[in-house]
Every structure is written in C-alpha cells, then in structure tokens.
Amino acid sequence: MGIFQKIKNALKKTKDAIAYRLNKLFTGGVLNGEFYDELEMILLSADIGSETTESILDDLKHEVDKRHITKTDDVRVVLKEIMHDILDFELPEEEYPLVIMIAGVNGVGKTTTIGKLANNYKRAGKSVTIVAADTFRAAAADQLTVWAERANVRIVKQGEGADAAAVVYDGLQSAKSKGTQVTLIDTAGRLHNKVNLMEELKKIDRVINREFPKAMRLNYIVLDATTGQNALSQVDLFNEAIDIDGIVLTKLDGTAKGGVVLAIAGEEEVPVVYVGVGEGIDDLEKFDIDDFVSGIVDNE
Amino acid sequence: MGVFSGLGDKLKRVFSKLTARGKLDEYEIKQAMREIRIALLEADVNFSVVKDFISKISERAKGEEIVKSVTPGQQVVKIVHDELVELMGSKNAKLEVASKPPTVIMMCGLQGAGKTTMCGKLGALLKKQGKKPLLVACDIYRPAAINQLQVVGKNVGVEVFEKGTQKPVKTAEQAIKHAESNGFDTVIIDTAGRLHINDDLMRELEDVKKAVKPTEILLTVDAMTGQDAVTVATTFNERLDISGVILTKLDGDTRGGAALSIKSVTGKPIKFCGTGEKATDIEVFHPDRMANRILGMGDIVSLVEKAQEAMDEEAMKKMEKRVKDANFTLDDFLVQFESLKKMGGIAEIMQMLPGMGKFKISDKDIDEKRIERFKAIICSMTKKEREHPEIIKSSRRKRISAGSGTSIQDVNQLLKQFEQTRDMMRKMKNNKGRLPF
C-alpha cells in the first residue's frame, strides 16, 4: 500500500463521519443561520473544540461575505483554505547529529512511534541509537528492544526502575562515541499535571543539552487522535516543561477525527509533524496538511 | 485539578449568573443553556449527548418550577445535577460474581487505554477482598505485552497464566481449566488493544467470549477520550454486549465528559476508575458523587470512605477523642500526614472537599515533598514538644531544623500550619463535627 493511500485510508474514517454531514450541507444548500449552526456542530463533533470552531466560522463568514459567495459548494473551498492556514507551519531543516526526545501521557503510543521513527531514519541511511528511558512501565524496555530489532538499530537500556536521566546520560555517551546521527529517546508516559514526573522530564531535557550540546534538538509530544480537548492541556503543560517542537498524532487509523490538532495549532502554535496510521513499522507518515484537510472536508 | 473540576467551574459560573438575576424568563434560560452546552462540549461530552441533555433540561426549566421558585439558580442546579446523575447511571454497580466459580472477567478496549495496568489493579483489589484471582495474558500482538503483565502480576502478588503467542481463545480456555483445578475463584483475561473497526480482532474477542463465557466483559476507556468515545463504546457494546466500563487516567486534568457520553449511549454502568499509577489507585465509580464533583460541590462521602480505609480504626478513635477535647497535638498531625499519604495525592483529597472547587488547587500548590519535610520535622521533636508545641521557641527551632535537615523557615511554617489546623479542629467541635466550610 502506498504512503498516500495509507494516509488516505486512515483519514477516510476521519472523513467519513464529518464528510457525510459536510456533503449534505455543501450540496446546493442555502447559506443561512441554520447552515452555520449545523457547520458548527460538525466541527465540534470532530474534536476541533469550541474556541477554534468559533474562530474558523468567524473567518469563514468573513471570507464568504468578502468574496460574495452564495453557494454552499464554494464554502467548502474557503473552509479548506482556512483550515490549511491554521495548520501551516514552517518546520526546521534537520541537522545531524540529531537528538529527538519523545514525550507524552500514558498509552498514546510513544514506544511504537520510536520504533517507527527508528525505521524511517534507518531507511533514509542514517545511523540510529534508541535510548530506553522509560524505566517505569513494566517491560517497556523489552517492548522497545523488539522494535529496535525490527528496525535493526542499536538500543541502550538499563534495568527497570533505573534513573531515567542516568539512562539518557549513558545513551548519549554511547551515541557520541559511535558517531550516531540520530538518537531517539523514549520516555515514560506521564500525565502532564504530575509535577514530579514533569520535573523528571525537565531533568532529562537538561542532561541532553549538557551532554550533547552539538546535537540538534527536537522534542516531540505524542498525542492519541482519540483524545478530546484534554490534548490542549497536554501540549500546553509539556510545552511549558520542555519546549515542544512538534506533534506526532497517533491512532489516526481508527474512527477518531483528530480535529483537536486544529485547536492546538491555533491556540498553542505547535505543528503536527508525523501521523501514525497503523501498527506496522512503516505506519508513520509525515503530516501532509492538504491530505489531512482534504480528508476531513472533501468527499469522494 | 481533578476530574470534572474544570467543567464544575464553568457550570458554577452559569449558575451564579442565574442566581444573581433572580427569576428567570425564557430568554435567560436559553442563554444559560447555551453556556451549559459549551461547557459540556469543552468537557468532551459527545455533541449529540449534549443536545439531548440540553433539550431535556430546557424542557424542565421552561415549566413553572423555575419561574415560581424562590431561588431559581438552586432549582437549575438541582435539575442539572439530577440530569447528570441520570445520564451517568443512578446507582453504583458492583462486579458480578459467577454462581459457579471461577468468575471470568474479560478486559477489552483500544490500544493504550490502560487494560494491562487495570488488570493488575483489579487483581490487587480482589486479593485484598480475600479472593484468589488469576491473570491471563491474551495480548499476543504487542511486543512484550506478556512480560508486562507478568511484571504487573508479580508486583501485586497475583499469579499470571500465559501460553506465549498461541491463539488467545486457547490460552483463555486453558486458563479456566487451570483456575478450576488450582482453586482460583476469579480469572481476569487481559486482551490486546484493538480498534473497534478491526473486524478480525473484534471477531477474536467474540471467539474468546464464546469459549469462556465471561461473567463480566469490561470495556476500558481512557477518560481523556473525545467525541469518538461514543463510536468506540457503541461498537464494542454491539459486538460483545459488554457488562460494564472502566474509566482510566482520571488522575489527569481531563474534564472526563466521556463518562457521560459512554453511559448514555451504551446504558452500561461505569464500574471502576483508575486514578493513578500505583496498584491501589482504583476506585468504584459513584455516578451521584461524580455528578456532585462536576458541579463542584465536593465529594465528602468518597473522602470519608477513603479516609476510613486509610486510617486505622484505633488512630481514628484517638483522633476523635482529641478533637472532642480540642487537644490536638503534633503527634496527631503526624498521623494525619501518614493517612493522607495512604489516601493518595493530597490535591486529589483537597479537591473532593466541598467548597474547594472554588480554589484552583493543583499538585503544584501542594507539594508532597513538603509533607515529607514536615514529617521529618515532627520526628525531630521531643515527646514534650509534640504535645506542647507552644514551648518551641527559637533555640528549640534551631535544634529541630538541624535535626531534620530542614530550615528554620520550614519549622515555622509547620508550626503555623499546625496552629491553623488546630483552630479548624476547634471550630469543628463547635460545629458539632461538621467541617467549617
């Protein structure tokens, strides 16, 4: 299955629910209050969130007025433009050595994402070291070891209950001495409102800066696409603790709509970088705004 | 911030508006409903559930009840509260027990909902209740999932049955036989996380169900789930006819609207909540209390229950007498800290107290490390000092701070907090044992 097709399939479900209603709306309807009310509900039910929904609708109405649009079909085009603009960020060019730290709440798919990222970089011809710094969850390092084997990359780990920052220290020394181009750091899942655990994450972040100042740094937060408005709070607090450079949006192959990333892009200004679209090692794709937006708004 | 408190704040704002205005007209009801609607949507309650909820309440509100009532705000609080309770189920649901052992509990849910962790918690809970549970590893897909269950089982002292990556149906059947011949009365089957739209994996669950006829099929759902909670719960329920729901990660700051959504679309009770990473962080779900929590009225019942379990009875009796005599010492203060720790996060407890919803209390404000410091300080005091804190003057303070490895400011702070608590105790006494909020 090609990359594009895979994303499309994943997005199809996102789309199906919304698109069905959108399609009903867009085909030959009349632009009135009821139309916008219905549109509001559609966006809300896609987890886009009330604030962002309101701002999208305001922009939409404004544009519709300005361009003298009278047909609901044409509204679709404008809506796509607006959503595209919200999600459009310039991403930094990656330089090597590169250290990517993966963080997020429990159960979003951090370890799986690391496995997929390792595979991506390895395939792109980069040398990769995985650092298993989730020393809390039972058998997390075992799980990651399986992924490292699948991707055929190195892994640095210690026993369960080891100090996470110490594992990272070890991992970085090893990565430096081997001249690894990409170091991927897995961290334990933590709820963003647990102060101690967030402090631990800050410490790991500091250790990376101190021990590997030459490396380019990227911190990614992994978000579960099924998560609702709480994702905003997650990004907000993780961003406060360690600067977040991007989002990996996982589990887009379900029926979840993932619309909360629009709210996050709008309110937190953090871009989506990757999307997870399945459990296979190749099921991680670069985030494509057009596909994503088209998947939500268009029907086929 | 705990579960639903954000939603509580929002709703409170709405209600304070209503109260301030006195009698309501239809326009005002409509305005209020708009705000309630937004509050519920922001809490991730599914939008069609919200729609239902609003129309029900509006209908009631439009009747004479509110217009004629003396305090319309209170009336609406009552109506919203009743409606929330109704939505989430009106009684708390217990685990079913099979008439002929073993009782079989099958766990199911999406990836990352927290099934394996919850298996361990359930095992620990049942063990504590004097049962003999067996955990069964049927997640043959996720790397190291079996290892994880083994570690979890070991940590809580519950046996884990696994047969590697053979078909889950077979493992489940063998586990039941193993349980029967080894005297296990409850079998908890951990299954792989799966998408509700993955037909093959859903059929696998149906097969396991058919083979072992579970007493309980519990759908584990992440409390942070958004609008999709409805789709997930509906599908799992349609295919497996689940018997209940477990809500996990409620110790986050999610508003947890998924709880309302799931209950209203499946009609199945929410039985347990996961409220932390420790094996003991599991609670029975009380819809009525949860509704109180949503409204920010506090959950004193749940607090007392937890406190009772954590504080051993003798210490409790002593404490009671102390309170009665208004003779509260630093030793009692220490006992309080210990039991607070056993009860779980301080912030969690504080937030359950009525009136506390008004204050933004997060884990940030109540530092558990500070509690540890306080304990060290009290332990560095002499018996006499603990009983008569008023004798602790500057040289004693210096000695205590040195002995406990803290600063004099810390000692001062502790003594001040102690005094405040003692004052509160005295007020409680005058209030006939009720908290002075």
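Here are the numbers for this structure:
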quantity	calculated
Residue list for the range B:206-224, restricted to those being within 14 Å of chain A (Cβ to nearest Cβ) and at pLDDT 95 or above	B:LEU219, B:THR220, B:VAL221, B:ASP222
Helices (runs of 4 or more DSSP H) wholly inside the range A:177-292 containing at least 2 residues that are at the interface with chain B (Cβ under 10 Å from one of its Cβ atoms), buried (at least 22 other Cβ atoms within 10 Å of the Cβ) and modelled with pLDDT of 95 or more	A:230-241
Matching residues in the range A:168-194 - criterion: being of a type in the set (A, V, I, L, M, F, W, C) and farther than 19 Å from A:TYR220 by Cα	A:ALA175
Hey, B:ALA347 under 27 Å from A:HIS192 (Cβ atoms) and either in a helix (DSSP H, G or I) or at pLDDT 70 or above (or both) or not	yes
Index of the failed condition, B:VAL136 passing every other in (1) part of a helix (DSSP H, G or I); (2) more than 18 Å from A:GLU279 (Cα to Cα); (3) away from chain A (no Cβ under 14 Å)	(1)
Residue that is farthest from the chain's Cα centre (by Cα), among those in the range A:137-173 that are within 8 Å of chain B (Cβ to nearest Cβ) and not in a helix (DSSP H, G or I)	A:GLU160
Test: residue in the range A:239-258 that is among the charged types (D, E, K, R) and more than 23 Å from A:ASN106 (Cβ to Cβ)	no
The range B:191-227, residues that are charged (D, E, K, R) and more than 21 Å from B:ILE262 (Cβ to Cβ)	B:ASP199, B:ASP200, B:ARG203, B:GLU204, B:ASP207, B:LYS210, B:LYS213
Subset tally (residues that are within 16 Å of B:THR186 (Cα to Cα) and touching a residue at least 24 places away in the same chain (Cβ under 8 Å)) for the range B:81-115	12
Filter result for B:VAL151 (without any contact (Cβ under 8 Å) to a residue 40 or more places away in the chain, within 14 Å of chain A (Cβ to nearest Cβ), farther than 24 Å from B:ILE197 by Cα and in contact with a strand residue (DSSP E or B) (Cβ under 7 Å, 6 or more places away or on another chain))	no
Test: residue in the range A:122-131 that is in a helix (DSSP H, G or I) and touching a residue at least 60 places away in the same chain (Cβ under 8 Å)	no
Test result for A:LYS116, outside any loop (DSSP other than H, G, I, E, B), of a type outside the set (Gly, Ala, Ser) and crowded, with 22+ Cβ neighbours inside 10 Å	yes
Top-ranked residue in the range B:211-237 [being polar (S, T, N, Q) and out of contact with any His (no Cβ under 8 Å at 6 or more places or on another chain); ranked as nearest to B:LYS268 (Cα to Cα)]	B:ASN237
Total residues in the range B:238-251, condition over 14 Å from B:LYS271 (Cβ atoms) and in contact (Cβ under 8 Å) with a residue 12 or more places away in the chain	5
Pair list, Cβ < 8 Å and 6+ apart or interchain, from the range A:167-196 residues that are aromatic (Phe, Trp, Tyr) to residues that are at pLDDT below 95 and part of a strand (DSSP E or B)	none
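The rows are residues; the columns are (1) within 14 Å of another protein chain (Cβ to nearest Cβ); (2) under 18 Å from B:GLU216 (Cβ atoms); (3) not in a helix (DSSP H, G or I).
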{"residue": "B:LEU125", "(1), (2), (3)": "no, yes, no"}
{"residue": "B:ILE140", "(1), (2), (3)": "yes, no, yes"}
{"residue": "B:PRO143", "(1), (2), (3)": "yes, no, yes"}
{"residue": "B:ALA179", "(1), (2), (3)": "no, yes, no"}
{"residue": "B:ILE188", "(1), (2), (3)": "no, yes, yes"}
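The values are calculated or read from the model by the stated rules, or taken from the named source; none is laboratory data. For clarity, every value in this text was computed on a predicted model and none was experimentally measured. Backbone-built Cβ (ideal geometry, glycine too); neighbour counts: all protein chains shown.
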